[in-house]
Amino acid sequence: MIYLTQTDTTVGFVSTNPKLLSDAKKRDSNQPFLICVDSYLKLKQLTRIPKMHKKRVRRARKTSFLCSNKKAIRVVKEPNHARFLKQFNFLYSTSANKNKKQYDYAFAYSKANIIIVDERGLYEVSASNIFKLGKKNIHKLR
């Protein structure tokens, strides 16, 4: 099941199955997806954050982190999207566009099984920051 929704950063596809997202976007299936969770308890089940970076991850807004286990994770704090995520353990997330293209309304609606629109509507904005966390260092990727 692919959901089209306004995420905490931009309009995106979310799903429990990454293969569905790869097929919908015609994207390489080996390329990993961002994992979104609504709480730090769920984050702890998926990966370990190095002690040096725990405060940074806890305080971050609209920021994704690439962890040592090669998982890209974001804890969603935006209330509307977090309320939707609460129903799931975690969801894979990607922007609602063709691979490396701009947002296209018709494409997004044709690929989604369920469309979720709240009072914010659906709109495209800039992507989130991405940081790679090491044991002692941090690198900005985007």
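Quick note: the coordinates plus some simple rules give every number you see, no bench work behind them. Treat the numbers as computed from the prediction; the structure is a model and nothing was measured. Positions of Cβ are backbone-derived with ideal geometry, glycine not excepted, and every protein chain shown enters the neighbour counts.
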From the set of residues in segment 24-61 that are closer than 23 Å to Ala106 by Cβ and touching a helix residue (DSSP H, G or I) at 6+ places or on another chain (Cβ under 9 Å), which is surrounded by the fewest Cβ atoms within 10 Å (Cβ to Cβ)?
Arg27
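If you check Tyr123, Tyr103, Tyr109, which single one turns out to be farther than 13 Å from Tyr3 by Cα, more than 15 Å from the chain's Cα centre (by Cα), surrounded by 12 or more Cβ atoms within 10 Å (Cβ to Cβ) and not aliphatic (A, V, I, L, M)? So that I can check it myself, show each step before the final result.
Details: Tyr123 fails: surrounded by 12 or more Cβ atoms within 10 Å (Cβ to Cβ); Tyr109 fails: farther than 13 Å from Tyr3 by Cα.
Among Tyr123, Tyr103, Tyr109, only Tyr103 is farther than 13 Å from Tyr3 by Cα, more than 15 Å from the chain's Cα centre (by Cα), surrounded by 12 or more Cβ atoms within 10 Å (Cβ to Cβ) and not aliphatic (A, V, I, L, M).
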Return the pairs, sorted by first residue and then second, in which the second residue is among the small types (Gly, Ala, Ser) and surrounded by 15 or more Cβ atoms within 10 Å (Cβ to Cβ), the first residue lies in segment 56-79 and is more than 18 Å from Val125 (Cα to Cα), the beta carbons are less than 6 Å apart, and the residues are 6+ apart or on different chains.
Leu66/Ala72; Ala72/Ser64
